[in-house]
């Protein structure tokens, strides 16, 4: 029978300190509970459910993942250490499992054809252009949860995004913190691409380490075909070649105000998010500071975290989440738990 020290030492293999693990435990948990044998068992149970680990193996001093994290593919875009993302990946899997098990909406497949997907997303947005909110609404109404991951324990490194295939449905995790919805729109569309293009099968996960780094935005297609395909799907959904053609006609030295005006005008022509067009322009010109200022003129581009939590609150009945995981869902996603 292991003691609590042995349990924490085993979990340290994921890169988690004792303090970080305790941040994931129920709010009522007290360290004194770990001093008794039954408390050690309960500690192991809570950790196993929060980190997608096999309980019996954890008790025996081994880390054996369960669920979708039993088969993870880490996709690299920048110089990042995938090993440091294991803890976040396991937490994300536990959250996804808890949330999907509580969803009343059945899963319905989305079209893999970008044009058909784009038309469906615009329809759900009342005929308006495809933006972050339309993508969120489309995913949730098709039974695909989009789970924010803003509040992990301090020091736990996060991925940009992830696509998981659970037993009966896929799920998406967005962990990147940005003040612009357009930044997250690409990550979300990219993860949707992994799902609709069949890149994940039940019991598998794709972790996208870094998708939006300015110096490595263009995928090395020789290194990872699936990443290239997901990129192509995302770019086609968010604007397609029409967006590139319009942006190429813009002056390369536009001021921030001029960028915003050009983006507004172009968005009407091709039904694309003006903030996304500004980002495409920035990727082409590398004028990031000016683009950031231009995004400030697109008022509807703000507060993506608020939109993520709002959709989560609207579509998830928290009472259906396993009682011992409700506080974890609230703590990590920012969802208000009453």
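Applying the Kirkwood pairwise sum to the alpha-carbon positions of the stretch 1-119 produces a hydrodynamic radius of 16.3 angstrom.
Placing a label point 7 Å from the Cα of residue 113 along the Cα-to-Cβ direction, the residues of the stretch 121-152 whose backbone N falls under 15 Å from that point are 121. Could you work out how far the C-alpha centroid of the stretch 8-32 sits from that of the stretch 122-192, in angstrom? Computed from Cα coordinates, the inter-centre distance equals 28 Å.
Taking 41 Å as R0, compute the FRET efficiency from the Cβ-Cβ separation of residue 293 and residue 317 and round it to 0.05. Spell out each step's value before the answer.
Values: r = 41 Å, r/R0 = 1.01.
With a Förster radius of 41 Å, E is 0.50.
Working note: 222 nm ellipticity from helices only, DSSP H runs with n ≥ 4, each -39,500 (n - 2.57), summed and divided by the residues of the chain, gives -15000 deg cm²/dmol to the nearest 500. Distance from the Cα centroid of the stretch 262-338 to that of the stretch 33-57 is 36 Å (rounded to whole angstrom). Helix 114-124 and the long axis of the chain differ in direction by around 80°, with both axes built from C-alpha atoms. Take every DSSP beta bridge whose two residues both sit in the chain; close to 60 percent of them are antiparallel.
For the stretch 18-63, a/c is not less than 1.5, where a ≥ b ≥ c are the root eigenvalues of the C-alpha gyration tensor, and a/b does not top b/c. That puts it in the oblate class. When each of the peptides 251-257, 129-135 is scored by how many other beta carbons lie within 10 Å of its residues on average, the order from highest to lowest is 129-135, 251-257. Peptides 111-119, 155-163, 278-286 ranked from most to least packed give 155-163, 278-286, 111-119, packing being the mean of other C-beta atoms within 10 angstrom over each peptide's residues.
Coordinate range of the alpha-carbon atoms in the chain per principal axis, descending: 70, 39, 36 Å. Extent along the principal axes, Cα only, for the stretch 239-301: 25, 24, 15 Å, with the longest axis given first. Relative to the longest principal axis of the C-alpha atoms of the chain, give the angle of the C-alpha long axis of helix 132-141, reported between 0 and 90° and rounded to the nearest 10°. Value to nearest ten degrees: 50. The packing ranking, built from the mean of other Cβ atoms within 10 Å per residue, places the peptides 241-249, 303-311, 190-198 in the order 190-198, 303-311, 241-249, highest first.
Taking the longest Cα principal axis of the chain as reference, the axis of helix 86-100 is set at about 90 degrees.
We did not get these values from a lab; they are worked out from the coordinates using the rules stated. No experiment lies behind these values; they were computed from the predicted model shown. Cβ atoms come from the backbone with ideal geometry, glycine included; neighbour counts cover every protein chain shown.
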